[in-house]
Every structure is written in C-alpha cells, then in structure tokens.
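As structure tokens, the structure follows; a few thoughts come after it.
The values are calculated or read from the model by the stated rules, or taken from the named source; none is laboratory data. Note that this is a predicted model, so its numbers are computed, not measured. Every residue, glycine among them, receives a Cβ derived from its backbone with ideal geometry; neighbour counts consider all protein chains shown.
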C-alpha cells in the first residue's frame, strides 16, 4: 500500500547529517539501555523486597522466571503439554479473534466513514453498543454459543471490533475532500479510489485503533478462559490460584505480561513498516 | 442573494445539518428496535434467546425497583469513580514530575511502555488471594488498569510542551514552579484528558470483569454472574436487562467525559483526536 501514496515523502527517520551508520548504532544502543536499565532496577528492587519478605504471596521474580521457563520448556523436552495445549490455543484464539474483529471493524467503519447518511444513522447504535463493557456480554455469548472455541473467538472479535470501527470511521470520514476529488478528476475507479486513496489516508487512525484492539484481544481471551474453559493461559491461572500454587500463578501472569508486550512490539513493527511514509503517524499514541 | 442573507444561510446550515443527523440517528435506532422486535415475535430466532426488545426494556426498568440491583450498580459506579480518582492522583503528579526532565522522561516512558500492555485482569487471581473479594480488591485492579494510560499521556503531554513557551515565561521572570503551573500544566492538560478518556473505558470494563469473575463480589458484573447461574428464561432476561443497564452506564460516562472535553479543551483539536 505504501507504493500507492501520491507524494513520496522522505523517510522521517533518516538522519539528516553524515556518519549515519555510526550514529544510528549508538542511538539504538542508548534506546536499548533506556529500556534495560529501568527494568533491571525494578527487577532488582523487587527481588530484594521479595527475598527479605516472608509473605508467601510474593515470590522473587527470578524464581518466577525460572519456573515459567520450566513450565513452558520442561526438563529435557522440547516443549511441555502446557505449551501446546494451553499457550498455543490462547495465542491462536487471540489472533483469530483480533483478525476477524479488525476486518469487521474496518469494513463497517469504512462504510460509515464514506457515507454521511450511513454514519449519521448508525452512530447512536454504535455509540450504545460500544458503551456496553465488552466483558459484560460474555455471559450472553456463553448462553448463545455455548462454551466452545467459536464462542471465545466470536466474543474476542466482538469486543475488539469497536475500537477499530470507531477509528476507521473517523479516519475515513475526516479525509480531506480534495484528495477524493483528485481521484475523481483523474477518473480513478471507485474501487481503486478506496484502496489507493481512502484507506491509506485513513491508515494512521486505523492503526491507532488496531493498537488498542490488540491489547484488548489478549485481555478478552483471558477473561473468556476464566469462565467455563478447559484450556488456555487464563484457565491455568485460575487453576493455579484455586490450588494455591502461587509460583505457578505468578509464572502465568508473567507469561501474559510478556505476550502483551510481544503483541505490542509486533504491531509497532507493522506500523513502522506500513506507515513509514506518514510523518505524523507516530506523533500520538 | 445579498451578503447578509448568505451569512445567515451559512449560519443556519450547521443547525440544519445537526437536525438531519438527529433524525437519521433516531430513525436508525427505531429501525433496529423494530427489526429486533419483529424477529423475536415472529419466531425467526428462538424467543428464549432473543426476547422481544420491549420486554428487555420493561425488565430493565423493573430491575431499578430492586434495591439489591441498585446497590450492585452503586457499587460498580463507586469502584469506578474511586479507581479513576486514585489513578489520576497517582499518575498525573508523577507524570508531570517525570516528564519535565528528558532522561527521566525516557526511562519512565520505557517503564510505562512495559507495564501498559499487561492485561489488568491477569492480576485478578492474585489480588483475590491477597485482598479478598471486597471493594479493595476491585479498586486495586481498577487503579492498576487506569494508571498507565493516564501516566503515558501525561508524560507525553509534559514532554511535548513548547520549549520556547517555557523559555519565554522564564525570561519574563516567572519562577520554576510558576512555569509548571502556568505553561506546562495548561498545555499538557488536553493530553491528560485523552489519557483519562482511555483509562475510563478500560477501567469500567475491568471493574465489571472483576465482579463477573470474583465469586462473592458485589456489583453489576456480580449481578449478571449470579443471574446467569440460575439458567432459566427469567434469569436470562435479567442478564440481558443488566447488560443493557451496563451499556447505559457506559454511555453516560462517555457522554460526561465528552462534555468535559468539549467544555474545557474545545480549543485543542488533539483533545478530540486519537484513540
């Protein structure tokens, strides 16, 4: 999609001055240090506090990490059953729910953004439905679709779609009219106008929605696994809590934190690749 | 057409547009309600799964007469409000403090970036063990969920303040504290508000989720969870009605925050932009 932008903007990240490779390497190192040093400080403080405290609720972080390593990779095995039977299903359901919900959100959002009539007719309905806290609808999903995987995926997709829908509608709806008129003047076909002009122009906003949606997808997946589930990280977490296995519980929590971060990083990379032409795309959230 | 009538026509146009938008919106809502009602009454979908919309509305109104339900809604609202207040009281001062100095800003925003994607509900099992299923438990998780978006946006807003504006205030003899109060805070305020808006929707979701999962808790989520356990048609209707009530609650909160944003930050275009 980047190839179809009308004006080739110079890469905003390129260094304007010389000795770029040297400078870039050093800047990357500083950026990594800015992440690692605060993290190391926090982990060290936590470790110190946990080792000296007698509370059974707060095991030291290094022990949690080691335990997670063992839970996922086991001893001598390549991967454990927990990895294939629980972690992968959670990741799969999150990804599928996110994909379906995002596609649906972009579709409806584009329809709303393109036509004023549709937007004005649908806005009150959308505003009301998206105001229902998504997790409050989980019992309804269970009652309607049962306790299987399709229910969980539908639930994630439903909850995620609103973030994407709202942002797509706003992104498509606020494109400068001149851009669209330009396409008309050059007799670009409506389909190409949509894919080559409208959607790329709305992309920064769509990505803002996808960002929130991706974090929400993991949250909704876990919540759906807290209720009526037979597998998944959320299920393991609840089980560990029920059996008072605090170390395991912390390990699954750590895994969820890592997954959340990983999703964020992946989306960041995708955004950087697809939106490198857009100078202001990364100005806010 | 003379200029005066052209000007009045231009002035009248937005009002007319708004009226059209209002009618279309009402038509959309009415259409949806009628379709739902017909689908249910004609028996296209099993009536037990999709009761007529009118019955759900009647049930929602009747639920308000139930003191237990009102106490549940009150508990949810109280947790949400307290959570937002505590989160803002933590995140805004720290965000301003950390945002003022470039190296601290980078370290702090790196940490916030690490914490923000953690799903708050992952904490529920731990906090349940440590704090029980009372208000503190819900509050702890709501605060955790709301702190990061507010902190992130405050940090960014403070960091983003025009350095020339600060320089100018200083050269006019404004004290360091005065610069923060008169330049930094007003210019970062719309960002803080964006953070509050994002935190608000996450916070309400998290409060209701915690109530849903934690047995023995009070709140709208707990009400839904209890009714669901009965499993009969009447309980299902109550679940639907409570979900609609949750939606109305969310809508009112969204509208209130939107009104605050327009009233105080209408001058700032970014206040209404973004996620």
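From the list B:135, B:139, B:100, which residue is more than 24 Å from the chain's Cα centre (by Cα), touching a residue at least 40 places away in the same chain (Cβ under 8 Å) and more than 12 Å from chain A (Cβ to nearest Cβ)? Can you show your working first?
Details: B:135 fails: more than 24 Å from the chain's Cα centre (by Cα); B:139 fails: more than 24 Å from the chain's Cα centre (by Cα).
After ruling out the rest, the residue left standing is B:100.
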Within the range A:125-144, identify whether any single residue is farther than 17 Å from residue A:223 by Cβ and more than 13 Å from chain B (Cβ to nearest Cβ), and answer yes or no. no
Which one of these is buried (at least 21 other Cβ atoms within 10 Å of the Cβ), more than 8 Å from every other protein chain (Cβ to nearest Cβ), part of a helix (DSSP H, G or I) and in contact (Cβ under 8 Å) with a residue 60 or more places away in the chain: A:194, A:259? A:259
Taking the range B:105-119 and keeping only residues that are at the interface with another protein chain (Cβ under 7 Å from one of its Cβ atoms) and either farther than 12 Å from residue A:258 by Cα or touching a residue at least 40 places away in the same chain (Cβ under 8 Å) (or both), one is left with B:106, B:107, B:110, B:111
Among the listed residues B:198, B:224, identify the single one that is in contact (Cβ under 8 Å) with a residue 24 or more places away in the chain and either assigned by TED's automatic domain parsing to the domain that holds residue B:131 or surrounded by 19 or more Cβ atoms within 10 Å (Cβ to Cβ) (or both). B:198
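If you take the residues of the range A:267-281 that are surrounded by fewer than 18 Cβ atoms within 10 Å (Cβ to Cβ) and within 11 Å of chain B (Cβ to nearest Cβ), which of them is farthest from the chain's Cα centre (by Cα)?
Step one: filter the range A:267-281 for residues surrounded by fewer than 18 Cβ atoms within 10 Å (Cβ to Cβ), giving A:268-270, A:272-274, A:276, A:279-280.
Applying the additional criterion that residues be within 11 Å of chain B (Cβ to nearest Cβ) yields A:268, A:280.
Details: A:268: 9, A:280: 20 Å.
Looking at the filtered set, the residue picked out is A:280.
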Set A:59, A:38: member being crowded, with 17+ Cβ neighbours inside 10 Å and at pLDDT 85 or above: A:59
In the range B:246-259, what residues are over 10 Å from the mean Cα position of the chain (by Cα), more than 15 Å from residue B:202 (Cα to Cα) and within 9 Å of another protein chain (Cβ to nearest Cβ)? B:248
Could you list all residues from the range B:19-51 that are under 20 Å from residue B:234 (Cβ atoms) and either without any contact (Cβ under 8 Å) to a residue 40 or more places away in the chain or at the interface with another protein chain (Cβ under 10 Å from one of its Cβ atoms) (or both)? B:36, B:37, B:40, B:41, B:43, B:45, B:46, B:47, B:48, B:49, B:50
Among helices (runs of 4 or more DSSP H) completely within the range B:158-275, the ones holding 3 or more residues that are in contact with a strand residue (DSSP E or B) (Cβ under 9 Å, 6 or more places away or on another chain) and under 24 Å from residue B:59 (Cα atoms) are none
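Here's the yes/no breakdown for (1) under 14 Å from residue B:153 (Cβ atoms); (2) in contact (Cβ under 8 Å) with a residue 60 or more places away in the chain:
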position	(1), (2)
B:170	no, no
B:173	no, no
B:178	no, no
B:189	yes, yes
B:207	no, yes
B:212	no, no
B:220	no, yes
Taking the range A:212-231 as the region of interest, how many residues are outside any loop (DSSP other than H, G, I, E, B) and more than 7 Å from every other protein chain (Cβ to nearest Cβ)? 8
Mind checking whether some residue in the range A:96-110 is under 28 Å from residue B:51 (Cβ atoms), out of contact with any strand residue (DSSP E or B) (no Cβ under 8 Å at 6 or more places or on another chain) and either modelled with pLDDT under 85 or surrounded by fewer than 18 Cβ atoms within 10 Å (Cβ to Cβ) (or both)? yes
Condition met for residue B:104 (under 30 Å from residue B:76 (Cβ atoms), in the same structural domain as residue B:181 (by TED's automatic domain parsing) and out of contact with any strand residue (DSSP E or B) (no Cβ under 8 Å at 6 or more places or on another chain)): no
Search the range A:235-251 for residues being facing chain B (nearest Cβ under 8 Å) and closer than 17 Å to residue A:83 by Cα, and hand back the single one that is surrounded by the most Cβ atoms within 10 Å (Cβ to Cβ). A:237
